[in-house]
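These notes are about the structure you will find just below.
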Amino acid sequence: MSQQFNLWTGQPEPDDSLARDLVYGPSNSGNGLVFIQRVKAMILAKIWDALSSSTTWGEFRVSVGERIYQHILNRGQFDGC
């Protein structure tokens, strides 16, 4: 992709191609579409796959990897029980 410049300042714009790489799918309600960055969608898919295939929290932790697991713990969305 070619370098883009700000029309007002003439300065190069930051590369936001990853932020603009979107995927979409139907919403759970079926009344619309959900758009999400591809990178985030891949992480969510990994979490959902791990949730559906794991029979223990230990298996889940191994399936998602330490970085994602720690992120979930740090957000307070999992109590470890």
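Every read-out reported here was derived from the displayed coordinates using simple, explicitly stated rules and does not represent laboratory data. Small disclaimer: the values here were computed from a predicted structure and weren't measured.
Give the relative contact order (percent, whole number) for the chain; include only Cα pairs under 8 Å separated by 6+ residues. Relative contact order of the chain: 14 percent. Normalised Debye scattering of the chain at q = 0.11 Å⁻¹ gives log10 I(q)/I(0) of -0.50, counting only Cα atoms as equal scatterers and leaving out solvent.
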